[in-house]
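For reference, the structure discussed in these notes is given below.
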Amino acid sequence: MMYLSILSRRMTQLVTIMMCVSAIWFFTSCDARNQNTTTTQTFERPMKPPPPRFVPYEVLVKFKDGISQERIASILKDNRIDVIAEIQRGRLYHARILDDRSVESAITQLTSYQEIEYAEPNYRYETQK
């Protein structure tokens, strides 16, 4: 009989502990959900969007060795691209996109030619202050 009394007391303690833990878990999870739905107002100044990382409508195009000037002119003309400056004689060109295509679209078209080593945006670089 004594054994059943001790067992009953232990079961009661275990059930009480489990109910307390469950209640604490329930209330803390409800509180966390309420914190996420609360809106807070901040009084930060609106920031200007950062300038584009590259110059719009400008690309750098590098041709592989041995490509003739006529072929280079033909590729650039077919893609409606005008040379701004020749950086490396007959190989690297700073160029302007003449139509309203995005820089990414022009680069995709240019890199489809086997004569082009690479084409990339004309990135903006700034020195640290």
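The strands (runs of 3 or more DSSP E) found wholly in the stretch 67-126 and carrying at least 2 residues that are on the phi < 0 side of the Ramachandran plot and within 29 Å of the chain's Cα centre (by Cα) occupy 92-97, 116-123. Would you check if Lys62 is assigned by TED's automatic domain parsing to the domain that holds Ser102, within 14 Å of Glu120 (Cβ to Cβ) and not hydrophobic (A, V, I, L, M, F, W, C)? Considered against the rule, which asks whether it is assigned by TED's automatic domain parsing to the domain that holds Ser102, within 14 Å of Glu120 (Cβ to Cβ) and not hydrophobic (A, V, I, L, M, F, W, C), Lys62 comes out as yes. When Ile24, Ile81 are checked against the criterion of being modelled with pLDDT of 70 or more and under 21 Å from Asp99 (Cβ atoms), Ile81 stands alone in meeting it. Restricting to the stretch 112-129, give me the number of residues that are β-branched (Val, Ile, Thr) and at pLDDT below 95. Qualifying residue count, the stretch 112-129: 1.
The values are calculated or read from the model by the stated rules, or taken from the named source; none is laboratory data. These numbers come from a predicted model, not from an experiment. So basically every Cβ, Gly included, is an ideal-geometry build from the backbone, and we count neighbours across all protein chains shown.
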